[in-house]
Amino acid sequence: MTSDSNEWLFVDTIDALDEDDFMRFDHRGETYILYKVKGELFATDGLCTHEAQHLEDGVLIGHIIECPLHQGRFDIRNGKCAGGPVCEHLKTYRVKVEAGRLFIELRTG
Amino acid sequence: MTTLAAPKKILPATTAASSNVSLDRKLVRNLAQRSDKPGLLWLASWIAALAVSGFLLSLAVASSSTLLTLAATLLLGTILTVPSYAISHECAHGTAFRTRWINETSLWIGSLLYFEEPYHRRYSHTRHHTYTWHVDKDSQMPFDTPMTLKGWLLEISGVALVLYESKVFVRNALGQFSQQTLAFTPENTLGRLKWSARACILIYATLVLLLARGETWIWTYLLLPRLLGGPVMLLFTLLQHVELKENSPSILESTRSFTTSAIGRWLYMNMNNHIEHHLYPQVPFYALNKLRQAVEPQVPAPDKGFWRLNWEVLSVVVRRSFGLGTRARSLRQASHMIVSDKDAKQAKTVTFAHKTTL
């Protein structure tokens, strides 16, 4: 536990995530995406803020994740909108690897 | 991957999932990869084709032959107009180029030639994908269905497009957005829509002013070709959904793919693979043929032949307008679009009997 309300949750082994690739993780009715780009790990909400389509079917272009339905874009490093039709930023989360195991930090409180 | 609870509800939209089509996720991701090269090659070929057809038109004008001039104008118009629609559409999706500024510049120029404000083009198209061919929800259903001869004439002549888009240009430039525009445009981009509409109007007005001051090349090499090329462009777009089922969650029922020649595929940036495009709109134009092969076992076979299909559409709408049977020879139609010759005859008899009773 990192604080009273945040928790590091085990997602998968790091081998499950290829370089320049991303994967979906669902937890307690919420859905997330974890990314690996140039050796760095990132995590965001899984649904596009425009019309709630899942980004797991999207396209990763460098640090940009593009929604599969309308091609709205977000920067996965900070969740900021990077191209229409989106206008609401995507929430981001911290990610870490310990002993080959991948964790995401989520608010649980 | 462990799923500990069902995720939040995803907005229902007309997608591959709602059409019961599925492909391996890795395959789709690979097909959706972006590159500048195919788009730049296509752009270079378009500019070259415009230069050649423009040169041919100049020769035809110099020859003083009305027939040759008309043919050359139609050629230039087709090469100007169909690709301007296609590049505008592809760039509205942001899939034509990997480099964003090339994509956005091409969106602007393509849309200007096509005659739609570029950002309105992008945002209205999002609704077309969310609610493909859903009455009152799809913002790009340009004609009433089932289509009649009057609807066909308004659509193919370009009159419907010019009237509708002119109204949108003026309203958006004044900041008096329609309810429909407000529904699909992100609030923080309305200002951009307004200024872009003003810029477009300024450019169109400048062209008209220059023409009025005697710059006749604008008429010969731009306006007249655009007007004559319009119907060809609209014949392409008409085939996308005409005679198919409205309000269906399945893209396979609402949308049509069709075969066309290599020239047609180039002009239209492979958008004849229209079912495939709606199933996976993240796949760029240059990967659509590969996508078609991948998805082939799960989708209807494409209808055959651009000219033949358009002839069949015209035949159906004429027959419908005159109360005759509406079954096409090969064009795929939704069942409710089809009235058999026998039923049409009976309906006529009943109508006649009804009239005589009155």
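No lab work stands behind these numbers, since they all come straight from the coordinates. Just so you know, these numbers come straight off a predicted model, no measurement behind them. With ideal geometry, Cβ positions are generated from the backbone for all residues, glycine too; neighbour counts draw on all protein chains shown.
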ask   = Please identify the trypsin sites (Lys or Arg not before Pro) of region A:35-95 that satisfy two criteria: DSSP loop assignment and at most 16 other Cβ atoms within 10 Å. Which are they?
value = A:Lys38, A:Arg77, A:Lys80, A:Lys91, A:Arg94
query = Near the amide H of A:Asp12, under 5 Å away, which other amide H atoms are found, from residues 5 or more places off or on another chain, if H is placed in the peptide plane?
reply = A:Leu102
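Can you put B:Arg121, B:Arg29 in order, fewest other beta carbons within 10 Å first?
The most exposed by this proxy come first: B:Arg29, B:Arg121.
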note = Per its Cα gyration tensor (rounded if a/c is under 1.5, else prolate when a/b beats b/c, else oblate), region A:6-107 is best filed as prolate
task = Pull the list of the protein assembly as shown cysteines that no other Cys approaches to under 4.7 Å, Cβ to Cβ.
result = A:Cys81, A:Cys87, B:Cys91, B:Cys200
message = Testing the spin-label approximation: label points 7 Å from Cα along Cα→Cβ at B:Ala71 and B:Trp101. State their distance in nm.
response = 4.4
remark   = For B:Gln176 and B:Leu223, extending 7 Å from Cα along the Cα-Cβ vector and measuring point to point gives, in nm, a value of 2.6
request  = Once you've got the Cα coordinates, tell me which of A:Lys91/B:Lys37; A:Lys38/A:Lys96; A:Lys96/B:Lys26; A:Lys38/A:Lys80; B:Lys26/B:Lys245; A:Lys36/B:Lys194 are over 27 Å apart.
outcome  = A:Lys91/B:Lys37; B:Lys26/B:Lys245; A:Lys36/B:Lys194
inquiry  = Can you pull out the trypsin sites (Lys or Arg not before Pro) in region B:276-335 whose DSSP state is coil and whose Cβ has at most 12 other Cβ atoms within 10 Å?
reply    = B:Lys304, B:Arg329
ask   = Can you pull out the GluC sites (Glu not before Pro) in region A:9-109 that DSSP calls coil and that have at most 15 other Cβ atoms within 10 Å?
value = A:Glu19, A:Glu88
query = So how far apart, in nm, are the two label points at A:Arg77 and B:Asp343 if each is 7 Å from Cα heading toward Cβ?
reply = 6.1
task = Please list the helices of chain B that count as membrane-span-like by this rule: a mean Kyte-Doolittle hydropathy of at least 1.0 together with Cα atoms stretching 15 Å or more along the helix axis, each helix being a complete DSSP H run.
result = B:37-63, B:66-93, B:159-174, B:190-212, B:224-238
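Within 10 Å of each Cβ in A:58-71, how many Cβ atoms from other chains are there, averaged over the peptide? List each step's numbers first, then the result.
Numbers: counts 4, 11, 3, 6, 2, 0, 2, 0, 6, 3, 9, 11, 15, 11.
Rounded to a whole number, the mean comes out at 6.
Tell me the mean residue ellipticity at 222 nm calculated for the protein assembly as shown from its helices only (DSSP H runs of n ≥ 4, each -39500 (n - 2.57), averaged over every residue, nearest 500).
Values: 16 runs with 216 residues, N = 467.
-15000 deg cm²/dmol, from helical runs alone.
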request  = With a/c under 1.5 counting as rounded, go ahead and sort region B:226-266 into rounded, prolate or oblate using the C-alpha gyration tensor (a ≥ b ≥ c being the square roots of the eigenvalues; past the cut-off, prolate if a/b is larger than b/c, else oblate).
outcome  = oblate
remark   = If B:Arg127, B:Arg192 are placed from fewest to most neighbouring beta carbons inside 10 Å, the sequence is B:Arg192, B:Arg127
B:Arg198/B:His336 FRET efficiency (R0 30 Å; Cβ-Cβ; nearest 0.05) = 0.10
query = Taking a ≥ b ≥ c as the square roots of the eigenvalues of the Cα gyration tensor of region B:163-286, is the shape rounded (a/c under 1.5), prolate (a/b larger than b/c) or oblate?
reply = oblate
